[in-house]
Structure formats: structure tokens, C-alpha cells
Amino acid sequence: MSGHSPDPVLESRDDEPLLGRPGDVTQRSDEVIYRNIFTGTASIAQAGIWILAALVWQGVLNQPLSLFTPHPLLVISGLLLQVQAALILQPTATPQHKLTGTRIHSAIQLLSVLLFLSGFTIIEINKGSHPHFVSPHGILGLITVIVIVLQALVGVFQFFIPATIFGSVDAGKRIYKYHRWSGYVLLLLEVATVVAATQTTYNLAAIHIPLWGVLVSVVLVLSGVGARIKKQKLGLLSSRLSRVPLRNFSTARSNRDVLRPATAPKSTPDVKHIRQNAELYAQNCLDRNYAAHATIAKLHVATRQDTNQGGEPENKDGLNLSEQLAGLKLEAQKLKDDSQAMVDRKATCTEEINRLALALPNLSSPFTPVGHDPGLVSYINFNPQKPPSWTGQSAAELQARSHVTIGTELNLIDFASSATTTGWGWYFLINEGAMLEQALVQYALSVARRRGWRTVAPPSIVYSYIAEACGFQPRDQHNEQQIWSIEQNERDRHNKPQRSLTGTAEIPLAAMYAGRDINAGDLPIKLVGASRCYRAEAGSRGVDTKGLYRVHEFTKVELFGWTDNVDAGSKSTTPSSDDLFNELLEMQTEILTSLSLPLATRKRDIEALFPSRLRHGSNAGAAAVDSSIQELESAWGEVTSASICTDYQSRRLGARVRGAAKESRFPHTVNGTAMAVPRVLAAILENGWDADRGVVVVPEVLRPWMDGMETIGRK
């Protein structure tokens, strides 16, 4: 298995280098940017430019220093930097990489411009009364310096002040491809100037740089740089795509980049609703921290062309019947070709529209508060006026109450062995710790079964396109890895769809009905499944992520339901997604309340109080912690969540509801956590710890699955 996710690649056909295979010079999301100056054919360009620089430096430095000496040294150094600037920017693909690459590119180019201008100024000053700009080298040098300055100014204007110079950011972006074109033309002009320099009097009489050596170096440079040029970045699209503005979002790969078999469910985004509510979707992207997707409000893809190319064909005087027939046949063939081109373009536009629509996050409920601070709804098993007694303990005493300390001392958790076998983020549950996990699973399942939820043992590996259809992208909006993909060998990579480890049983439970028609009379469908879950968890390893709170692999019991897509005001007796959601919340509350944990509900999540998560002030030392509610905020940690996904998942999974009249609609899905074992187990150890007796009190509801034991103590 590999931690790699397939990297986002701009449309492979249009992003293909002029030489080489698609993706050969595309920077992968996990690669550092300095590798760009060596990948693909960059090594050929590097060999050429360094050989050229060595020839110039060797020829100049072998002669006594003079007023002319700095000119060739400065110019060749400027050319060396310009090649590095081009190589480092060429492979960038994601917005983050492009931004970083552009900044580095600009810094290198600024230095190279200073070197070129310095070299040009020195040679012109030292010529004195001698003729200026008469040799081919002098004329090319003047033209080159002028173009260098203009190219640099356009680049600065585009990147830093596009609105001031071009009127808008979009207007600045529209000339990017021309800026790239002129950059490559400038490179040709620069190397031509260097070639011309070999025929100057100074070179022929003094430094003796060989023409053949310069020509070989120039060929290597142009071959290495030219082979990595991407057609899409120069606007060299195929004719049927030339007028379609394709875009790529960093958080969702193009559907065409994901290998999907014929049996894969067909996604059907609600494009009409997005078009009619573009501003709503744009604001939703901003509210949900998907700012890169907010431009959807400005997207417009023209899928119709003016087909009125004139009236009836005109019969010209003097044409005989055979000539008229030949003309009509040519006209008919032209109309046929134009019609097919329009069909192809419409298909391309439709595919691109669907891709963009599928990249959008789900609309938030109008009842969901906007912002980063979740509002408190209520407390459970917790009185803010009488907080737990441990809130008055010192930092050292609280450390002894951590589940890591308790679990290690009572021989319930083994972190040392997992560090050897797997690394950070894994653990062994042993003895009563392993029993406690199974007890939590069985208790959660029993509560769900009692309420009529069907038990499922789902797989933990699914096709990657299934995970994405459920809303689990390989990387999040910050381009951080979310899920693991199974590594494929070279033979299977282009022939078989990729698989991923599931981050939650929600994914396989949803996929059970992918591509299927659901009888309206069978709804609601209520499923509960326990499974192993796998998370990349790319976040920081802070104090609140130690131990079991944030791990890579864990057991979780998930609740998942399908409901009919009915209006809230309808007279239907079928439970709605709101009804199922409320039932799910009741189960979560029942399960956690019975475990005697101090809880708080925020939005629709439930949080437990963890002594080990309490952050102390810098001067806390051994003093007691302030037991006020404000001081306890850091100690709360999420243990359940619940969501109504409306038809977001069913549209992407191709699941439909069929009614009596054969009409179809997309059902709603609801999901939530019944039991996140590691976090709840940690909360039980910390809140059930009796320091005087040195034992953990086992919640009463778990004792039937714990051989009746009431406490867990030292052996």
C-alpha cells in the first residue's frame, strides 16, 4: 500500500509535453519544487547551459582581466538563471505549486534582468567612441535587452498589479499564454545572440570560444526546455477544444483522470440548480473554506453556436447541372462536418460542466451557523456550576490522568510496540483494553438494532471513484492528504481502477445502493456497520493529538440511512431525512449519555471532556488549573458527528427512488457516528479514573461484554 494519491493532472491530451508522455513533467503534489529543475528532460537543458557557461567562463578567465571581462560573465550568468527560472515553473500544475513557482520564477528573473542590464551597460560604456550596434551581435544584443525589459515588466504587471494595468485580474490572466510564448521566443533570441558573439573580433582574437561548442550547448538547452513545453499552457488546444475554457481544481481530480469501468455508477450533478443559484454556491464555497471553488459564480461555458451561416446556397449563372451537383455535395459535406464538430463540442462542454459541478462542496443547511466557532447547544452529564473535581488539579496531576498514562500503567495500551511495527498514529489495545473496544462496538450495535437498524459488516477497501462520489477526495481544499490509495503495479495502473482504504464505513454502506433503483416502499433504509477506518490525518502532532485522539487506523460504528426526497410540507407518511436525522441524534445521545461521560453538544456534534486535552497557561507550573468554563474550552473533544447530505451522494452514486408511477428522483442520505472507539475509550479511561484506588470504573452498560467486571485495575 502507498500513501500516494493519484496526482491531479490537467487534461492529459492538452497538457501533454511537445515531446514525451502525458504527465512526464507534471509536478506531483508531494514533490518539493526544486526537483522541477531536474525532472524529465531538464537534465538535458542543465547539461547544455552549464557546458555553455563553462565555455564562456573558461575562455574569459584564461585571459588577463580587462574592462570587457565582466560583459560575457554577467550575460552568461543571466542566461543561466533564465533557464533555471523556466525549468522550475514548467512542471507546476496545482494552484499552490503555480503560486510558489511563480514567486521563485519572478525572483530568479529579476536577478537575471539585473545581470543582463549590467553586462549591456558595461560593454556600451567601454566601447567609448567606437561604433555601437553595427555587428550582428551588437544589434541582436540591443534587441534582446529591450525584449528582456518588456518581458519582465509584463510579468510584474500580470502577477502583482493586473487590475491597475490591465483593468482586471481576468484580463491579466488572458495574456498569460502570450507571456509564455514571448518567453520562449526570448530564449531563442538570447541563444542566437550568444552564437553571434562567437564571430566578434573580441572572441576570435582573444577568448576563442568555439562555435561548435556553443552550437552543441544551445541545441541541448533548446531540446531540454522545448521538450517540456505543455501545449495547454501555450493555448495549443485541439480545434474542438479551443474555445472551451477548461479549469482544474486542486481538491478534485478531473473525472477523465480517474479510470472508471463501464459498471461504475454515472454521476448526475444538478447543473440546472447550480446555474440558477450560482451566487448561493459561490458563497457556500467561501463559507466552507473552499475559496478556490468560489469562481463557479463566474463560470459560463457556451454550448451553442450560431448555426445560421447564411441563406440558401446561391445558384450562379453559367454553371451546368454537374457543376451545381458537385457544389451541393461539397456544401452537404461541409454541413455534415460542421454538425459533427458541434456535437463533439457540446459533448466536451457537457463533460466539463459536470466535472466542475461535481467538484463543488455540498450546500450547507440554512440552519448551520457560519464561522469557525461552534455554538454551544446544551450540556449532558455536566454541570458548569459544579465541574468535575479534577479541574482543580495541578498540571502534573492532570498528566497522570491522561489515557496514555493510565492505559500504559494498567497494561491496556501498547504504544511502544506499534512504534516499532508501524509508526506514529498506531497502537495496540491489549488485555481489558481490547475487551473494552469490543464492548463499545457491541453496545452501539445493540442500541441501533433495538431501533430497527440493520447490521452490516462492510469492506474496508473500495474503488477510489466510489470514495470520491461519497465526498471523500484524496486531498482536501488545502491539498492535504485525506485517504490512502492502494499502490498499483505498472501493468494495472492504466487498465484497472484504483482502490482506496475507507476512512469510514459511510463509504461502503452508501455504495451498497450505487447505480440501483430503490423502491419507494422500501424507504427508509437504515444501516449500521462496524469497520476498521483509515485516515491519513495530515494535521500537526500537537499535545491534543497524542495517544488515541488522532490516529491513522481505528474501529468505528457508523449509522447510514436512505430516505425519500419529499418536501417538508408534503402529506407523505414516509419519514424524511430530517426525521431520520433526529432519530440518529437521539441514538448518539443515548449511547454517550449511558457511558456517564461529561458531554456538550455544539451545532450537531457531541463533544466529551478530556482532562489530557486541557491546555495550561505558560505560568501554570504546578498550580491548580482555573476551573472556569472558559479555561475548560480546550478540554472538549469531538466524539460524534452527524450529517444530512440531501441528494449530494445519491446523485454521484447514481442511486434513484422509483415510485408507483415510475417517476424517479434522487433520495437523501443521512449519516452519523454511533461509536468512534479510540476517542470514547480514551474518554472513559480519563473520566472513569479513580486515582485513590488506582482503577478505571467500567460504565455499567458495558459490563455484560466485559465479563461483568466493574473496574479495571493494576495486575
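The values are calculated or read from the model by the stated rules, or taken from the named source; none is laboratory data. None of these values were measured; they are calculated from a predicted model. Note that we place each Cβ from the backbone using ideal geometry, even for glycine, and neighbour counts take in every protein chain shown. What goes into the accessible areas is simple: the full protein's heavy atoms, side chains included, and nothing from ligands, DNA or RNA. Shrake-Rupley method; radii C 1.70, N 1.55, O 1.52, S 1.80 Å.
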> If you scan the range 73-96, which residues turn out to be out of contact with any Leu (no Cβ under 9 Å at 6 or more places or on another chain), open to solvent by 20 Å² or more (accessible area, probe 1.4 Å) and farther than 17 Å from GLN46 by Cβ?
Replying inline: PRO95, GLN96
>> Please go through the range 652-674 and give me each residue that is surrounded by fewer than 22 Cβ atoms within 10 Å (Cβ to Cβ) and among the charged types (D, E, K, R), ordered by number.
In response: ARG656, ARG658, LYS662, GLU663, ARG665
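Return yes or no: is LYS127 touching a residue at least 24 places away in the same chain (Cβ under 8 Å) and charged (D, E, K, R)?
Details: touching a residue at least 24 places away in the same chain (Cβ under 8 Å): no; charged (D, E, K, R): yes.
No.
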>> With the structure loaded, tell me whether LEU114 is in a helix (DSSP H, G or I) and at pLDDT 85 or above or whether it fails that test.
In response: yes
> When the residues of the range 461-472 are filtered to those that are open to solvent by less than 30 Å² (accessible area, probe 1.4 Å) and outside any helix (DSSP H, G or I), which remaining residue is modelled with the highest pLDDT?
Replying inline: VAL462
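Would you mind stating whether LEU110 is open to solvent by 70 Å² or more (accessible area, probe 1.4 Å) and under 17 Å from LEU74 (Cα atoms)?
The answer is yes for LEU110.
Does THR251 qualify as being β-branched (Val, Ile, Thr) and either at pLDDT 85 or above or open to solvent by 50 Å² or more (accessible area, probe 1.4 Å) (or both)? First the steps, then the outcome.
Working: β-branched (Val, Ile, Thr): yes; either at pLDDT 85 or above or open to solvent by 50 Å² or more (accessible area, probe 1.4 Å) (or both): no.
Here the answer is no, as THR251 does not meet what is asked.
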> How many of the residues making up the range 55-74 are within 16 Å of PHE116 (Cα to Cα), at pLDDT 85 or above and of a type in the set (Val, Ile, Thr)?
Replying inline: 1
>> I'm trying to understand the selection: among the residues of the range 185-212, which are among the small types (Gly, Ala, Ser) and closer than 24 Å to SER66 by Cβ?
In response: ALA196, ALA197, ALA205, ALA206
> Looking at PHE133, is it free of Cβ contacts under 8 Å to residues at least 60 places away in the same chain, on the phi > 0 side of the Ramachandran plot and either out of contact with any Phe, Trp or Tyr (no Cβ under 6 Å at 6 or more places or on another chain) or open to solvent by less than 50 Å² (accessible area, probe 1.4 Å) (or both)?
Replying inline: yes
>> Tally up the residues in the range 411-445 that are small (Gly, Ala, Ser) and surrounded by 14 or more Cβ atoms within 10 Å (Cβ to Cβ), please.
In response: 5
> Restricted to the range 446-457, and to residues that are touching a strand residue (DSSP E or B) at 6+ places or on another chain (Cβ under 7 Å) and outside any loop (DSSP other than H, G, I, E, B), which residue is least open to solvent (accessible area, probe 1.4 Å)?
Replying inline: ALA448
> Quick check, is LYS173 charged (D, E, K, R), assigned to a helix (DSSP H, G or I), open to solvent by 50 Å² or more (accessible area, probe 1.4 Å) and farther than 23 Å from LEU222 by Cα?
Replying inline: yes
>> Checking the structure you have, find out if any residue of the range 675-684 is buried (at least 16 other Cβ atoms within 10 Å of the Cβ), under 27 Å from the mean Cα position of the chain (by Cα) and under 22 Å from ARG449 (Cβ atoms).
In response: yes
> In the range 38-52, how many are within 17 Å of LEU89 (Cβ to Cβ) and touching a helix residue (DSSP H, G or I) at 6+ places or on another chain (Cβ under 6 Å)?
Replying inline: 4
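Does LEU523 satisfy the condition of being in contact (Cβ under 8 Å) with a residue 12 or more places away in the chain and under 23 Å from PHE666 (Cβ atoms)?
Values: in contact (Cβ under 8 Å) with a residue 12 or more places away in the chain: yes; under 23 Å from PHE666 (Cβ atoms): yes.
Yes, satisfied.
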>> I'd like the residue in the range 492-507 that is more than 27 Å from SER576 (Cα to Cα) and touching a Pro at 6+ places or on another chain (Cβ under 7 Å) and, out of all such residues, is modelled with the highest pLDDT.
In response: THR502
> So LYS715 fits all but one of (1) open to solvent by less than 60 Å² (accessible area, probe 1.4 Å); (2) modelled with pLDDT under 85; what number is the exception?
Replying inline: (1)
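Look through PRO261, PRO265 and report the one residue that is modelled with pLDDT of 55 or more, of a type outside the set (Val, Ile, Thr) and surrounded by 15 or more Cβ atoms within 10 Å (Cβ to Cβ).
Numbers: PRO261 fails: surrounded by 15 or more Cβ atoms within 10 Å (Cβ to Cβ).
Of the residues listed, the single one that is modelled with pLDDT of 55 or more, of a type outside the set (Val, Ile, Thr) and surrounded by 15 or more Cβ atoms within 10 Å (Cβ to Cβ) is PRO265.
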